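Student: I'd like to ask some things about the structure below.
The values are calculated or read from the model by the stated rules, or taken from the named source; none is laboratory data. If you're wondering where the values come from, they're calculated on a predicted model, not measured in any experiment. Every residue, glycine among them, receives a Cβ derived from its backbone with ideal geometry; neighbour counts consider all protein chains shown. The protein model used for the area step is the full one, side chains on, heavy atoms only, and it has no ligands, DNA or RNA in it. Shrake-Rupley method; radii C 1.70, N 1.55, O 1.52, S 1.80 Å.
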Amino acid sequence: MARRPAPPSASPGPQTPRPAGTMNSKKPATPAASSSAPRSSSRSRGEAPRVDVREWASGIRLSAFSVIMLSLVVLGAWVLVPTLGTFIDQRQKIAALEASVKVSEDEIASLVAERERWNDPVYITTQARERLYYVKPGEVVYLIDNDLDPAALPREQEPVSDTIVEKPTDWMPQLLRTIVSTGLSDTAAVAP
């Protein structure tokens, strides 16, 4: 886009060169112009020069080709943005469905492997012995009851007190110890 030169001045008098920090546009001479004289001295001390937007905008020239191309870009963006959003949404759904298919294939593979194990007579016999305690005719089965160490058995319940007693221990380490000991110990229910 080309910038056109500033229009010639309307005043017929000779022009005086202006300092570098002032604007190129002319101000009309009004009674308020005398009051603006102190402002111009403050501008020359370091303030940025003011830009006349009308002058800047008048320097922009748009040809018919530029307007058509700009409208085509806007129209293309208006058409493609919703389509792009739909495309991204569909790609996310496809990725989720592919992950679901992968999980289903893994589950199917594990079920097929388990079915193959159940076709093996040795596996069936082992499961019947372990789960249902089945035996073949003539075999003697020994079931050991309470084979745990007496220290691993749960303690007897202590009698509950009616008074409230405050202990000087912190509850958090005790809770952690209880959880760890419960998870690591072999416990058995004592038969009544």
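Student: Looking at 179, 124, which one is open to solvent by 90 Å² or more (accessible area, probe 1.4 Å) and without any contact (Cβ under 8 Å) to a residue 24 or more places away in the chain?
Tutor: The unique qualifying residue is 179.
Student: State which residue is least open to solvent (accessible area, probe 1.4 Å) when the search covers only region 52-69 and only residues that are in a loop (DSSP other than H, G, I, E, B) and in contact (Cβ under 8 Å) with a residue 12 or more places away in the chain.
Tutor: 59
Student: Exactly one condition in (1) at pLDDT below 85; (2) in a helix (DSSP H, G or I); (3) among the hydrophobic types (A, V, I, L, M, F, W, C) is not met by residue 113; state its number.
Tutor: All conditions pass for residue 113, except number (1).
Student: Select, from 25, 41, 34, the only residue that is surrounded by 10 or more Cβ atoms within 10 Å (Cβ to Cβ), at negative phi and modelled with pLDDT under 85.
Tutor: Testing whether each residue is surrounded by 10 or more Cβ atoms within 10 Å (Cβ to Cβ), at negative phi and modelled with pLDDT under 85 leaves just 25.
Student: Within region 133-173, which residues are within 30 Å of residue 117 (Cβ to Cβ) and open to solvent by 100 Å² or more (accessible area, probe 1.4 Å)?
Tutor: Correct list: 133, 134, 136, 137, 140, 142, 143, 144, 147.
Student: Of the conditions (1) hydrophobic (A, V, I, L, M, F, W, C); (2) open to solvent by less than 100 Å² (accessible area, probe 1.4 Å); (3) under 48 Å from the mean Cα position of the chain (by Cα); (4) at pLDDT below 80, residue 184 satisfies every one except a single condition; which number is it?
Tutor: (2)
Student: Looking only at region 155-181, which residues are at pLDDT 75 or above, in a loop (DSSP other than H, G, I, E, B) and either closer than 26 Å to residue 130 by Cα or hydroxyl-bearing (Ser, Thr, Tyr) (or both)?
Tutor: Matches in region 155-181: 161, 163.
Student: Of (1) in a helix (DSSP H, G or I); (2) surrounded by 10 or more Cβ atoms within 10 Å (Cβ to Cβ), residue 130 satisfies all except one. Which?
Tutor: If we test residue 130 against (1) in a helix (DSSP H, G or I); (2) surrounded by 10 or more Cβ atoms within 10 Å (Cβ to Cβ), just (2) comes out false.
Student: Quickly run through region 83-102 and pick out the residues that are open to solvent by less than 90 Å² (accessible area, probe 1.4 Å) and not acidic (Asp, Glu). Walk me through it before giving the result.
Tutor: Quick first cut of region 83-102, residues open to solvent by less than 90 Å² (accessible area, probe 1.4 Å) only: 83, 85-86, 88-89, 94-96, 99-101.
Selection gives 83, 85, 86, 88, 94, 95, 96, 99, 100, 101.
Student: Only one residue in 72, 80 is open to solvent by 100 Å² or more (accessible area, probe 1.4 Å), in a helix (DSSP H, G or I) and either touching a Phe, Trp or Tyr at 6+ places or on another chain (Cβ under 9 Å) or over 30 Å from residue 128 (Cα atoms) (or both), so which one is that? Can you show your working first?
Tutor: Details: 72 fails: open to solvent by 100 Å² or more (accessible area, probe 1.4 Å).
Step by step, each of 72, 80 is checked, and only 80 is open to solvent by 100 Å² or more (accessible area, probe 1.4 Å), in a helix (DSSP H, G or I) and either touching a Phe, Trp or Tyr at 6+ places or on another chain (Cβ under 9 Å) or over 30 Å from residue 128 (Cα atoms) (or both).
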